[in-house]
Amino acid sequence: MLCRTSFLLCVFFILFSLFACAAEPTPTPAPTRRPTRTPIPAATLKPRPTQVIPTATPLPTSTETPTPEPTQIIPTKAPLSKPSGGAVGLNVWTMAPLIEYFSKIIPSQQAPIARPANVNPLTGLEVSDPAALQQRPILARIGNDPNARAIHAGFNQADLVFEEMIDQKNMVFAVTRFTLVFLGQDGSFRPLRSARAVNASLMPMFDGVLISSGGSKGTRFMISQLPWKDRNLDGDLQNSTICIAGTDWRTRVVSSVQHVRDYIAAKGQGGSVSLRGFQFSNDAPNGAPANSISFDHGPWPYRAAGLIEWRYDGATGKYLRFVNGAPHITQQYALNGAWGKGCVMGDAKSEQIASSNVVVLNVKYEPTDFVEDTLNSYSAFVELTGSGTAQIYRDGVKIDARWERPSLTDFFKLTDANGNELALKPGNTWFELAPLGYQPTVK
């Protein structure tokens, strides 16, 4: 009986357990979702095959000069002072150091040269009116584009002509340009073109008046900061200083010495100056024969500027200028009409350019960061203070020389190897501002 009762209890217990388990509700399963993880720092994520693996910690900023692209040249910028050292092309003149350099105009320390009051200090020739030699020289900026050479005017009326290389890319120059200096003679001149930094170096030597036409923003701003800025006449801005002949912007701007003198007198900028000038002598010096002087090789830009040759003419005692084998002609004519508007020009009187002296000054060219044209050519700084080698050509001979010019207000002094000042032939002089080491072909 007890066994039966125990059996029944066991069965009951088992059935009760099964019922209780069946009665318990089944829990609703949670929706499936991607488990949330703490983001891994990007530096340690494994990138896709096309990605660049980022560095876990940033690298320190490099202090080295970046390597330029193969076709790009990144010049070294000059500090706020004159660049020093290095080869040509390694220093770039920027606005602040140029203004600082050209603003240092101190009185000349050169002793005056004793000469009669009626002798022109720039040519050694007598003039009829000594008072005319006290006037400020007029510096006219003349173009030398191939189409400009056909209408050049005023070259034989100028006492001095300076020719320099302009507009470079990586120190390869585009063409040349002229600065005509007038003191002893009047005359018309054309075509006026824009100034360059070289004019800021020449102006203090003459205490003169600069007339040009146009200019880059850089050159215009630089000149506007210099002590003589009121004597800078830009025909594009002060159009009553010029008149217009033709439609080609490269050749149409014309003016005259007398008109510029009248203009600056009306503006109260006439003044008077005392110029040291140069030594002169009629005595022909000893030297190597030089019947022909040719600028026929680089870095002189002889292709665009024309192959220049100076041939000595014994009949006149002067060097005659040829370009590409043809005589280089200069014109002269009277100007009429309304200033600032169209010119009415008289009949042209033409003659070949001739010079009593041709002086080659070897000078340093360095780049600036002034863009001068739509081809992104840069203006050049021409170092015209200090000293260097030179060659004087006169009377059919070549004289090796040195030039020295201590400051911007000093004149070039030409000396022999012993420091004795050399004399030019009385008459006009043409200065060729050639790069360092350049020697023209002499025959």
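The values are calculated or read from the model by the stated rules, or taken from the named source; none is laboratory data. Keep in mind the model is a prediction, meaning the values are calculated, not measured. Don't worry about glycine lacking a Cβ; one is built from the backbone with ideal geometry, like all the others, and counts go over all protein chains shown.
Table: residues versus (1) in contact with an Asp or Glu (Cβ under 8 Å, 6 or more places away or on another chain); (2) surrounded by fewer than 20 Cβ atoms within 10 Å (Cβ to Cβ).
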site	(1), (2)
Trp93	yes, no
Leu125	no, yes
His152	no, no
Pro191	no, no
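Here Gly396 meets each of (1) touching a Phe, Trp or Tyr at 6+ places or on another chain (Cβ under 7 Å); (2) more than 27 Å from Arg311 (Cα to Cα); (3) not aliphatic (A, V, I, L, M) with one exception, condition (2). For the stretch 436-443, the criterion of a residue being at pLDDT 95 or above, polar (S, T, N, Q) and outside any strand (DSSP E or B) is satisfied by at least one position.
Could you check the stretch 218-301 for strands (runs of 3 or more DSSP E) lying wholly inside it with 2 or more residues that are of a type in the set (A, V, I, L, M)? Break it down into steps so the answer makes sense when it comes.
Values: elements: 232-234, 253-256, 292-295.
So the answer is 253-256.
Within this structure, Leu422 passes the test of being out of contact with any Lys or Arg (no Cβ under 8 Å at 6 or more places or on another chain) and either surrounded by fewer than 18 Cβ atoms within 10 Å (Cβ to Cβ) or hydrophobic (A, V, I, L, M, F, W, C) (or both). Specify which of the listed residues (Trp310, Trp339, Trp403) is of a type outside the set (A, V, I, L, M), modelled with pLDDT under 95 and touching a strand residue (DSSP E or B) at 6+ places or on another chain (Cβ under 8 Å). Criteria check complete, one pass: Trp339.
Every condition in (1) assigned to a strand (DSSP E or B); (2) free of Cβ contacts under 8 Å to residues at least 40 places away in the same chain holds for Val382 except the one numbered (2).
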